[in-house]
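Reading through the structure tokens given below for one structure.
The values are calculated or read from the model by the stated rules, or taken from the named source; none is laboratory data. Since the structure is predicted, the reported quantities are computational estimates derived from the model, not experimental observations. Ideal geometry is used to build each Cβ from the backbone, glycine not excepted, and the neighbour counts take in all protein chains shown. Side chains are part of the model used for accessible areas, which takes the heavy atoms of the whole protein and leaves out ligands, DNA and RNA. Shrake-Rupley method; radii C 1.70, N 1.55, O 1.52, S 1.80 Å.
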Amino acid sequence: MAGKQVPVSPLAPKRLAELPPIAGVKLATAEAGIRYTGRTDVLLVTLAQGTTVAGVFTRSKCPSAAVDWCRDNLGSGTARALVVNSGNANAFTGLKGRASVKLTAEIAARAAGCKTDEVFLASTGVIGEPLDASKFDGVLQDCLKRAAPEPWHEAARAIMTTDTFPKVATATATIGGVPVTINGMAKGAGMIQPDMATMLSFIFTDAPIAAPVLQGLLKRGADKSFNCITVDGDTSTSDTLMLFATGEAAKRGCPAITETGDRRLAGFRKALDGLLLDLAQQVARDGEGARKLVQVSVSGAVSAASARRVAFSIANSPLVKTAVAGEDANWGRVVMAVGKAGEPAERDRLAIRFGNIRVAVDGERDPAYDEAATTAYMKRSEIEIGVDLGLGTGRATVWTCDLTKAYVEINGDYRS
């Protein structure tokens with residue numbers, strides 16, 4: 001896969017968001033030759049003294065060495081540097097993996113002039129191959145010299161693997177009448193059904209927010225965004241979502257937030273949630289080989305949790321996803337996916353729609369079903385599959401993409 005040019009997803013945003021500088025954040029990228037040739041594969045982010053940090057990570061029982069490192073150091077609540085590499089996930093690498101993250105952190109700490117437990121790490125790429133951390137020596141020191149406030153697009157590109165476009169977003173809010181900025185980037189296109197986070201995503205703000213408050217905000221936001229997307233139903237070993245708050249807005253009079261229930265957080269919380277959802281949907285739009293973005297909306301379930309499980313059963317069904325790829329309104333496959341979910345459902349109460357077109361009701365095909373209209377709807381690049389179980393008030397929405405031949409080609413060629 002190294003060096004192979006992949007066409008940009010037709011679902012990619014027409015324009016990338018322009019991210020402004022955030023006080024206390026500097027970035028630089030480099031080519032370390034970890035796996036790829038002729039492209040950047042390392043990102044260094046330096047953070048101002050006093051930066052607080054929060055993170056949520058994969059629940060995989062086979063996490064990467066970098067995930068273990070971040071979990072171990074998150075308790076300090078402070079961060080001074082972030083190092084991200086692409087091309088090698090440093091997962092399932094045993095003692096070598098642990099030695100690699102330790103060496104990477106030591107190199108970064110020397111360059112940034114901080115403690116190793118203030119360095120956070122993330123890796124993405126091939127699983128099972130040792131990561132040669134010595135390649136970071138000299139590279140990170142050079143990155144530190146070149147670090148600047150604004151190469152956000154370049155930073156997002158450096159962490160890509162099979163992604164076809166960099167994923168970035170920005171938002172603003174006010175805290176105590178003082179404006180603050182939130183910038184974010186993400187990567188991910190395959191091995192996507194996040195469980196606590198997405199493959200890799202990093203969020204930065206100049207707001208002065210205590211680490212425990214940040215943690216609550218991030219967990220809540222992830223559950224409504226990254227934990228509501230799927231490309232192929234596979235949870236990565238490397239899923240990492242981190243939020244860094246430099247606190248530099250305090251110099252402009254922004255009040256420090258130390259309590260989760262502080263009412264002054266309302267606008268920031270809303271802006272953060274919107275940014276996380278934007279990034280999560282960009283990941284779904286860039287699903288490997290994707291040609292269609294699919295929203296699955298389930299209502300009438302006995303609970304929200306039940307609705308969520310039904311929605312993921314539909315969104316992860318290869319038969320549903322290939323029908324969407326073929327622009328076939330095969331609602332029988334949706335029925336199948338509802339029935340196999342293992343959640344309360346009654347055949348004769350079920351209703352299914354594609355967009356606003358109801359195709360099935362009361363356990364059978366809708367008497368007004370219009371094949372031509374439904375087929376025309378399925379040709380859109382963005383479609384919605386709606387299911388009403390007719391049992392209660394539980395509802396959930398998840399996002400996925402279609403499953404095309406290109407997905408098989410991309411993953412069949414990944415290590416070649």
- Provide the per-residue ³J(HN,Hα) series for the stretch 42-59, in order, calculated from phi with Karplus coefficients 6.51, -1.76, 1.60 and θ = phi - 60°, each as a whole number of Hz, with x at glycine and proline positions. 9, 10, 10, 10, 9, 10, 4, 3, x, 5, 9, 9, 9, x, 10, 9, 3, 9
- Task: Could you rank the peptides 129-136, 288-295, 343-350 by their average count of other C-beta atoms within 10 Å per residue, with the highest value first?
- Result: 288-295, 129-136, 343-350
- Query: When only C-alpha pairs under 8 Å and at least 6 residues apart count, what is the relative contact order of the stretch 138-222, in percent?
  - Reply: 21 percent
- Message: Taking 22 Å as R0, compute the FRET efficiency from the Cβ-Cβ separation of A148 and R110 and round it to 0.05.
- Response: 0.60
- Task: With an 8 Å cut-off on Cα pairs and a minimum separation of 6 or more residues, tell me the relative contact order of the stretch 83-146 in percent.
- Result: 49 percent
- At the level of C-alpha centres, the distance separating the stretch 187-227 and the stretch 363-385, in angstrom, is 35 Å
- So, how do all the Cα-to-Cα distances of the stretch 286-416 break down into 10 Å bins, in percent, from 0 on up? 14, 44, 31, 9, 2, 0
- Message: Binning at 10 angstrom from zero up to the longest distance, how are the C-alpha pair distances of the chain distributed in percent?
- Response: 5, 22, 30, 23, 14, 5, 1, 0
- Query: Carbon-plus-sulfur fraction of the accessible area of the chain, 1.4 Å probe, in percent?
  - Reply: 51 percent
- Under a straight-distance cross-link criterion of Cα-Cα below 22 Å, which lysines are reachable from K340, leaving out those fewer than 8 residues away in the same chain? K321
- Query: In whole Å, what three semi-axes, largest first, describe the equivalent ellipsoid of the stretch 345-391 built from its Cα gyration tensor (square root of 5 times each eigenvalue)?
  - Reply: 21, 12, 5
- Message: Eigenvalues of the Cα gyration tensor times 5, then square-rooted: what semi-axes does that give for the stretch 143-302, in whole angstrom, largest first?
- Response: 28, 21, 12
- Task: Let me know the Kirkwood hydrodynamic radius for the stretch 1-103, please, with Cα pairs as the basis and the value in Å to one decimal.
- Result: 16.4 Å
- Estimated FRET transfer efficiency (K270, N356; beta-carbon r; R0 30 Å; 0.05): 0.60
- Using a 1.4 angstrom probe, figure out how much accessible area the stretch 195-347 has per residue, in square angstrom, rounded to the nearest whole. 34 Å²
- Sticking to Cα atoms, compute the Rg of the stretch 256-330 to one decimal and its Dmax as the biggest Cα-Cα distance, whole number, in Å. 17.3, 54
- Message: Can you give me the C-alpha center-to-center distance between the stretch 49-76 and the stretch 78-93, rounded to a whole angstrom?
- Response: 10 Å
- Task: Treating cross-link reach as a plain straight distance, find the aspartates and glutamates whose alpha-carbon is under 16 Å from the alpha-carbon of K187, omitting any fewer than eight places away in the same chain.
- Result: D41, E154, D163, D195, D232, D234, D239, D278, D286, E288
- Note on the structure: Calculated from DSSP helices alone, with each H run of at least 4 adding -39500 (n - 2.57) and the total divided by the residues of the chain, [θ]222 nm to the nearest 500 comes to -9000 deg cm²/dmol
- Item | Relative contact order (percent, whole number), the stretch 1-148, Cα cutoff 8 Å, 6+ residue spacing | 27 percent
- Pairwise label distance in nanometres, R347 with N411, each label 7 Å out on the Cα-Cβ vector: 3.2 nm
- Given the pairs K167/K405; K26/K167; K26/K219; K61/K135, which span a C-alpha to C-alpha distance of over 20 angstrom in this model? K167/K405; K26/K219; K61/K135
- Kirkwood hydrodynamic radius over Cα pairs of the stretch 93-211, then Stokes diffusion coefficient at 20 °C and 1.002 mPa s, in µm²/s: 129 µm²/s
- Rg(Cα) / (2.2 N^0.38 Å) computed for the stretch 147-216, rounded to two decimals: 1.28
